[in-house]
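For reference, the structure discussed in these notes is given below.
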Amino acid sequence: MDPDSERFLDGVGALGPPLLQSLDALEKAARYLHPPLLQGLRRTLAPLAPALEAARSEFESRPAPEDLASFAARLGEAARLTRESLDLFLDARPGPEATARVLGALRRHCRAQAALYPLRTALPPVARYFLEPEVQERADSFDPDPPLAPRVGIHDAHNAPEQRGGFTLYVPEWIDGTTPRPLVVALHGGSGHGAEFLWTWLREARSRGFLLLAPTSRGATWSLHGADHDAGPLDAMIEFVAQRWPVDRGRVLLTGLSDGATYSLLYGLRDSAPCTAIAPVSGVLHPANFASGNMRRARGRRVYLVHGRLDWLFPVGLARAAAEELQRAGADLVYREIEDLSHTYPREANSGILRWFDPALDLAARGEPRL
């Protein structure tokens, strides 16, 4: 290896640990994001920014060999977005833009993961980062070369950051393309985007072998008022995926966060809904469910309701009332209340949701999906 290539690879090795550490810390900060805890979260994140910036500067000072220029650009983009995420989260200036800065930090965190994900086959620590702990030691087996099936990986359909009404689909790289797989449809929260919300579930999809569909609402949020502009497109998206990939139509989970959770019940309790189970997280039971007849159709429907006791946007009393109404309607309900959860997404709940939805998606003791 020539000296310039060796210097470049040393820079890659130095950048990797602070980059992954920062991504992991930002994910934890998002989980525990609660207004009274914000300053404490900032104190935890603060030491990461200078360490990442020093490694990033060192990496950028070492030009990449020509054949690694694309690799270097993508890694540099992931590091830049992660640094921007930290800066926005740490910006403690008061004012009306404070909330927007935190939301911007979370969006950049998602985009940093999107930039980094294609590098997993070249960087083992990155491959492990995008797997659950139980299977990280087998990271090589999740990226067979060549793939066992066509059209695996991440697919965007009219779902760039500035677009609405499209979707992002993830198909695990190791599936064989013939065995029908469960499908999880994950709906983002208000003002969110499917290409970003995908990362809330990708690690589990990759580790356990289910397809993951993350649609984007046609408007700024889902159709919670007035005419429903999202149901038809959602039907079409799910059908599009099922026609082209091996979807087990008897195992389709609809989940979502906040407005996505609220809409998951509105959409998922319809007679014609293509889902077989619903798992709303931090949402509410919209009054339209009563007017539309959804509550009559709730009998026997499987619903896993998750809510935080600290939720400041949708107080927990609303979730408890929703659970009572669903039980009264005869739904096959599980209600889980998380003591330290505010109005954010509890990534640790994914495992319980999947185990409830389909025991075959539980990771076996050896860390292998039972499918």
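The values are calculated or read from the model by the stated rules, or taken from the named source; none is laboratory data. Everything numeric here is computed off the predicted structure, so don't read it as measured data. Neighbour counts are summed over all protein chains in view; Cβ atoms, including those assigned to glycine, are modelled from backbone coordinates with ideal geometry.
Observations
- Screening ARG111, ARG101, ARG42, ARG83 for residues that are modelled with pLDDT of 95 or more, under 21 Å from LEU202 (Cβ atoms) and not assigned by TED's automatic domain parsing to the domain that holds ILE338 leaves exactly one candidate, ARG111.
- Residue in the range 133-147 that is surrounded by fewer than 17 Cβ atoms within 10 Å (Cβ to Cβ) and aliphatic (A, V, I, L, M) present: no
- Within the range 166-202, considering residues that are part of a strand (DSSP E or B) and not hydrophobic (A, V, I, L, M, F, W, C), the one farthest from the chain's Cα centre (by Cα): ARG181
- Across the range 221-246, the qualifying residues are those that are on the phi < 0 side of the Ramachandran plot and small (Gly, Ala, Ser), and the one among them that is surrounded by the fewest Cβ atoms within 10 Å (Cβ to Cβ) is ALA227.
- Among the helices (runs of 4 or more DSSP H) confined to the range 277-354, the ones with at least 3 residues that are buried (at least 18 other Cβ atoms within 10 Å of the Cβ) and not charged (D, E, K, R) are located at 316-328.
- Exactly one residue among ALA205, ALA220, ALA214 is closer than 23 Å to ALA114 by Cα, among the aliphatic types (A, V, I, L, M), part of a loop (DSSP other than H, G, I, E, B) and modelled with pLDDT of 95 or more, and that residue is ALA220.
- Test: LEU123 is touching a Ser or Thr at 6+ places or on another chain (Cβ under 9 Å) and either at pLDDT below 95 or closer than 24 Å to ALA49 by Cβ (or both): no
- Check on GLY256, assigned to a strand (DSSP E or B) and in contact with a helix residue (DSSP H, G or I) (Cβ under 6 Å, 6 or more places away or on another chain): yes
- Test: residue in the range 138-145 that is more than 24 Å from GLY177 (Cα to Cα), modelled with pLDDT of 95 or more and assigned to a helix (DSSP H, G or I): no
- Qualifying residue in the range 123-133 (condition: over 15 Å from the mean Cα position of the chain (by Cα) and either among the acidic types (Asp, Glu) or in a loop (DSSP other than H, G, I, E, B) (or both)): yes
- Scanning the range 170-183 turns up one or more residues that are crowded, with 24+ Cβ neighbours inside 10 Å, farther than 24 Å from ASN294 by Cβ, in contact with a strand residue (DSSP E or B) (Cβ under 6 Å, 6 or more places away or on another chain) and β-branched (Val, Ile, Thr).
- Residues in the range 316-343 that are hydrophobic (A, V, I, L, M, F, W, C) and out of contact with any strand residue (DSSP E or B) (no Cβ under 9 Å at 6 or more places or on another chain) were compared, and the one that is farthest from VAL306 (Cα to Cα) is ALA329.
- Residue in the range 207-220 that is surrounded by fewer than 24 Cβ atoms within 10 Å (Cβ to Cβ), touching a His at 6+ places or on another chain (Cβ under 6 Å) and either among the hydroxyl-bearing types (Ser, Thr, Tyr) or assigned by TED's automatic domain parsing to the domain that holds PRO287 (or both) present: yes
- Of the helices (runs of 4 or more DSSP H) lying entirely inside the range 41-120, those carrying at least 3 residues that are within 11 Å of SER22 (Cβ to Cβ) and not small (Gly, Ala, Ser) are 48-60, 69-90.
- Test: residue in the range 151-159 that is in the same structural domain as ARG347 (by TED's automatic domain parsing), surrounded by 13 or more Cβ atoms within 10 Å (Cβ to Cβ) and in a loop (DSSP other than H, G, I, E, B): yes
- Looking only at the range 29-56, and only at residues there that are among the basic types (Lys, Arg) and over 24 Å from the mean Cα position of the chain (by Cα), the one that is farthest from ALA98 (Cα to Cα): ARG56
- Taking the conditions (1) over 30 Å from PRO146 (Cβ atoms); (2) surrounded by fewer than 21 Cβ atoms within 10 Å (Cβ to Cβ) in turn, LEU187 satisfies each one other than (2).
- Checking each residue of the range 48-70 against the condition of being under 23 Å from ILE154 (Cβ atoms), surrounded by 16 or more Cβ atoms within 10 Å (Cβ to Cβ) and of a type outside the set (A, V, I, L, M) gives no match.
- From the options GLY194, GLY189, residue that is small (Gly, Ala, Ser) and over 23 Å from LEU119 (Cα atoms): GLY189
- Selected residue [surrounded by fewer than 18 Cβ atoms within 10 Å (Cβ to Cβ) and touching a helix residue (DSSP H, G or I) at 6+ places or on another chain (Cβ under 6 Å)] from ARG74, ARG93, ARG83: ARG74
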